[in-house]
Structure formats: structure tokens, C-alpha cells
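Notes follow the structure.
Any read-out appearing in this document is the output of simple, stated calculations on the displayed coordinates, not a laboratory observation. Worth saying up front: this structure is predicted, and the values here are computed from it rather than measured. Cβ placement follows ideal geometry from the backbone for every residue including glycine, while neighbour counts extend to all protein chains displayed.
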Amino acid sequence: MANKKVSEKVLKVEDKQLRNYEMVVIISPEITDEILDAKIDNISQSITEKGGVVSEVERWGKKRLAYPIGHFMEGNYVLTRFTFKPGLSKELEANLQISEEVLRHLLIRVD
């Protein structure tokens, strides 16, 4: 019983820690600049709504893909740096996967 209480306390402490992340998102080249801006704002807003803090958003612009994704040969690249609770990263990735405008994403933890 004592071990269970200790592990619950450790989990509660870990949930409060924010970790640094970097995420590159490739967004469809067919969308307009207004929709692209809205999509970037939507991603940043979903991070901040869950207690994260977005420190930087870099738009790398439209670049050629190394290989075709669907029928696209290029995409809009966006880099986002933020701090976030570790347990919420899976939910963020799930939301990105179901988005039709997002072709690919890569989320990494920065130590």
C-alpha cells in the first residue's frame, strides 16, 4: 500500500513539470496564406490551452519534399518551440494526425 501512495505522488509531481519540445509541421501547399495563418494559430492555441507555453514559431516557407506525400511534392514547413506537460504530447499528436491540412509532423523533446 505504501508503494502505491509514493508512486501516485511521483506521478503528480511529474505532471506539473513542463518539458521543452520542438515540433516541425508540414502543412498542405494548396491552402491559402490566411488558412495557413489560422492553422498555425490553432496549433499554438491548442498548446497554450493545455498549459503549455509557445516560445517561438518559425515559418520556413514552402519547400520541396524529399519524397511525395499523397500527391504533394512540396509543403509549408513550420517549426514551433514550446514547453508542455509530457503526458499531453500524445493528445497533441493525435489532433495533428486527424487534421487534413497537416501532411506530416515531428515532435521531439529537447533536453
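At each listed q (0.11, 0.15, 0.22 Å⁻¹), what is the log10 of I(q)/I(0) that the Debye formula gives for the chain modelled as equal alpha-carbon point scatterers?
Once normalised to I(0) and log-transformed, intensities are -0.41, -0.67, -1.21.
Which net charge results when you count Lys and Arg as +1 and Asp and Glu as -1 among the other residues whose beta-carbon is under 11 Å from that of Y77?
Net of charged neighbours comes to +3.
Compute the relative contact order of the stretch 17-110 as a whole-number percentage, counting only Cα pairs closer than 8 Å that sit 6 or more residues apart in sequence.
Normalised by residue count, the contact order of the stretch 17-110 is 48 percent.
Cα to Cα, under 20 Å, and not fewer than 8 places away if on the same chain: which aspartates and glutamates meet these conditions relative to K62?
E22, E30, D33, E34, D37, D41, E74, E100, E101
Arranged by the count of other C-beta atoms within 10 angstrom, fewest first, what order do S46, S55 take?
Exposure proxy ranking, most exposed first: S55, S46.
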